[in-house]
Amino acid sequence: MAQRADEDLRSMFGQSSAVYAALAGPDHVVAAANTAFFDAIGGQRALTGVPLARLMPELSGQGFLDLLDRVYRTGEPYTGRDERVLLGTGPDEREAFFDFSYEPRRDADGEVTGIRMIGVETTQVKQAQRLMAEHRALLEQIARQAPLAEVLDGMARCIEQLTPEQVLVSVLLADPDGRHLRHGAAPSLPDFYNAAIDGIATGEGVGSCGTAAHRREPVIVTDIATDPFWDDFRSLADRADLAACWSTPILARDGGLLGTFAMYHRTPRVPGEADLALARVFAGTAALAIERHHSEQARQVAEARAKAANEELARAVRAEQQLRAEAEQRAAAEAELNARLREAAAAQAARPHPERCQLGGSAGCTAPAEVKIADSWGDAAWGCLTHVEEAIISVRSVFIASEELGGLRAYVSR
């Protein structure tokens, strides 16, 4: 009866994606298993008739063999949900998650003779959940305006850590003119490689990224060693141990080029639909981060210009206020001087008009005083026409003075 049940289960799960294995005895010898089981643990280990611990030595220390021992000993089934297991060793090691159950196999007398293991791999679901959680975290970073370099570096590391296959992520940023690509983030690519492609031109046949930027559409290079797009960069890629590169352009909402999002692989590889969807999602996330960065830069530039304009206006206002104060000071000084001149003119005008010429020297002159003259020092005298003419001809600084101002105004004006 137990054997017939096992045969029925093998038939049921033979072509299923669910994992099935029948284990026998206390050593859990693999009596039978379906293709999905061997695919999950590695097709090169498709063996039966050997204990599970020998077939999968990596299980030691992970607790699964202990669980099998307990189910075999107690006859009580065990169910696990999203259980993490490391499969394979060395470079072939991978992290996987399973929903599974261990159920005892019994003979006709009800004695436990082995264990049936039935499970479904949930690795992709688990990875998707992790990626979405990291994606939300990235969106929160962008919303709080974290530095662009920090966002892009975190995004690259997130994808590299969570994707099932090893991948190396690179983000290049477009120059404002869209003709060259600059390093944005590539935490796992060698420094020499990042330095070499920093500033590459956008154009047809310029690697995966330059071509994707030029075409504004994804460019999938599955084998760098043979693809003509990599003719000029093949030796560089070989030195960096890169064998495949899938590049997706990062585009703004208006269709403008912001950069490229690239996924590199160590071996030639064709992307699946999940890979392409992942690239689209994170290229869009990168676009959001870059556009937010550009907007923030534009805002800072505008604020700096407004601040500079305000400071210049303040300087102009201060200069105008200073000029106005100086003008007011000059006006006050001029008013004061005019007042003094008027006072001096009034005092001069109050002096008595002499009857006789004052310019006759020691010999004197009895001619009537008819004209008033003054020199540049403001000294004034009355004289007859003869002596006034003589003084004007002989003394260069002498001039006919206003009787009212006594020559002072003319002196000041000079």
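Read-outs throughout are calculated quantities, based only on the coordinates presented, and are distinct from any laboratory measurement. Nothing here was measured: the structure is a model prediction, and the numbers come from that model. With ideal geometry, Cβ positions are generated from the backbone for all residues, glycine too; neighbour counts draw on all protein chains shown.
Cα axis of helix 123-143 to longest principal axis of the chain: angle in degrees, 0 to 90, nearest 10?
It is inclined by approximately 10 degrees.
Mind checking which of Arg269, Arg144, Arg280 has the largest fluctuation in a GNM of the chain, springs on alpha carbons under 10 Å?
Looking only at Arg269, Arg144, Arg280, the biggest GNM fluctuation is shown by Arg144.
Projected onto the charge dipole of segment 58-100 (+1 at Lys/Arg Cβ, -1 at Asp/Glu Cβ, origin at the Cα centre), which of Thr89, Gly63, Thr74 gives the Cα projection farthest towards the positive end?
The listed residue farthest towards the positive side: Thr74.
Count neighbours as other Cβ atoms within 10 Å of each site's Cβ, and list the GluC sites (Glu not before Pro) in segment 142-225 that are DSSP loop with at most 15 such neighbours.
Filter output for segment 142-225: Glu165, Glu204.
Name the residue from Gln300, Tyr20, Phe38 whose Cα lies farthest towards the positive end of the charge dipole of the chain, charges +1 on Cβ of Lys and Arg and -1 on Cβ of Asp and Glu.
So the residue we want is Gln300.
For a quick check, take a GNM of the chain with Cα springs below 10 Å and name the residue from Ala252, Ala316, Ala287 with the largest mean-square fluctuation.
Looking only at Ala252, Ala316, Ala287, the largest GNM fluctuation is found for Ala316.
Report the charge-dipole magnitude of segment 187-308 in Debye, nearest 20, computed about the Cα centre from +1 at each Lys and Arg Cβ and -1 at each Asp and Glu Cβ.
For segment 187-308, the charge dipole is close to 480 debye.
What is the Cα centroid distance between segment 203-254 and segment 36-70, reported in whole angstrom?
41
Cα extents of the chain along the three principal axes, largest first, in whole Å?
171, 51, 33 Å, listed from the longest principal axis down.
Pairing the Cα long axis of helix 64-74 with the longest principal axis of the chain, what angle in degrees results, from 0 to 90 and rounded to the nearest 10?
40
Which angle between 0 and 90 degrees, to the nearest 10, do you get for helix 273-349 versus the longest principal axis of the chain when only C-alpha atoms count?
10
Select from Gln322, Gln358, Gln166 the residue whose mean-square fluctuation is largest in a Gaussian network model of the chain (Cα-Cα springs shorter than 10 Å).
Between Gln322, Gln358, Gln166, it is Gln358 that shows the largest mean-square fluctuation.
Select from segment 10-104 those GluC sites (Glu not before Pro) which occupy a DSSP coil region and have at most 15 other Cβ atoms within 10 Å, ordered by residue number.
Numbers: sites: Glu58, Glu83, Glu93, Glu95; in loops: Glu93.
In loop regions of segment 10-104 (DSSP not H, G, I, E or B), the sparsely surrounded GluC sites (Glu not before Pro) are Glu93.
Return the calculated 222 nm mean residue ellipticity for the chain, to the nearest 500 deg cm²/dmol, obtained by summing -39500 (n - 2.57) across DSSP H runs with n ≥ 4 and dividing by the residue count.
-14500 deg cm²/dmol
Run the dipole for the chain about the Cα centre, Lys and Arg Cβ at +1, Asp and Glu Cβ at -1, nothing else charged, and hand back the magnitude in debye, nearest 20.
880
For Glu217 and Asp66, calculate 0.36 nm times their separation in residues minus their Cα-Cα distance, and state this gained length in nm to one decimal.
The span from Glu217 to Asp66 would gain 49.2 nm if fully extended.
Stretched out fully, how many nm does the piece from Glu103 to Glu76 gain, at 0.36 nm a residue minus the Cα gap?
On the way: separation 27, 0.36 × 27 = 9.72 nm, distance 0.73 nm.
Residue separation times 0.36 nm, minus the Cα-Cα distance, leaves 9.0 nm.
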